[in-house]
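Worksheet: the structure to be examined is printed underneath.
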Amino acid sequence: MKAIVRILFLVVLAVFAGSCRTQKDTLVPSVEHQMALDALQAGRFLVKLDAVYPSSASPYQHASRTEYRELHESYFSVRDGAYVSYVSFEDRGFLADEFPARKREGLHAEVSGGKKQRNGEICFRLRVYGEGLVSDKRIAVFLDGKSNRCYVKITSVGGSPSNASMSGHVYPLEEAESGA
């Protein structure tokens, strides 16, 4: 009887140890995460946007701008201080106020941060400025702790009530340009 109890105990212990090892392995950041982190730190990245979310911070927003919506091919990128954004035709009316530019070059971005948050995300901050903007914009990019998935928060510097929250993926600029 003691032998059976010992064998069952060892089997349960082996199963438990195996499940702990699997959980530990899944906490390791992916290759995509490391590439996105390196790109953000170097100031050479592209964020492909997937969706925009309601912003409760702005009571002045029109009702159509406060619901979840998928985005189509919209993005923003930074290359050595130069900021470029593109809002697709489908998203143009929806992101006109919140996005720093529809499709414009000649804007600048100062990238700072890389501060790790409590939940494992890594926060990078961008200040976007240049001719033609009603007010400078602040963009916070929160990189997921394990992948290249990110959450983006855009706010105006001058106190304008337009804010936007989006999600997307971060890519190194060279990889994104090659069609990856």
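Bear in mind that the values in this text are calculations on the coordinates, not laboratory data. Predicted model, so just to flag it, every value in this text is computed and none were measured. All Cβ positions, glycine included, derive from the backbone under ideal geometry; neighbour counts span all protein chains shown.
Tabulated values for the structure
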quantity: Computed label-point distance, nm, for sites Phe9 and Val31 using a 7 Å Cα→Cβ extension; calculated: 4.4
quantity: Contour minus Cα-Cα distance for Tyr129 and Glu73 (0.36 nm per residue); calculated: 17.9 nm
quantity: Added length on full extension, which subtracts the Cα-Cα distance from 0.36 nm per residue, Met1 to Gln41; calculated: 8.3 nm
quantity: Sequence-distant residues sharing a close amide H with Arg69 (under 5 Å, placed H); calculated: Val52
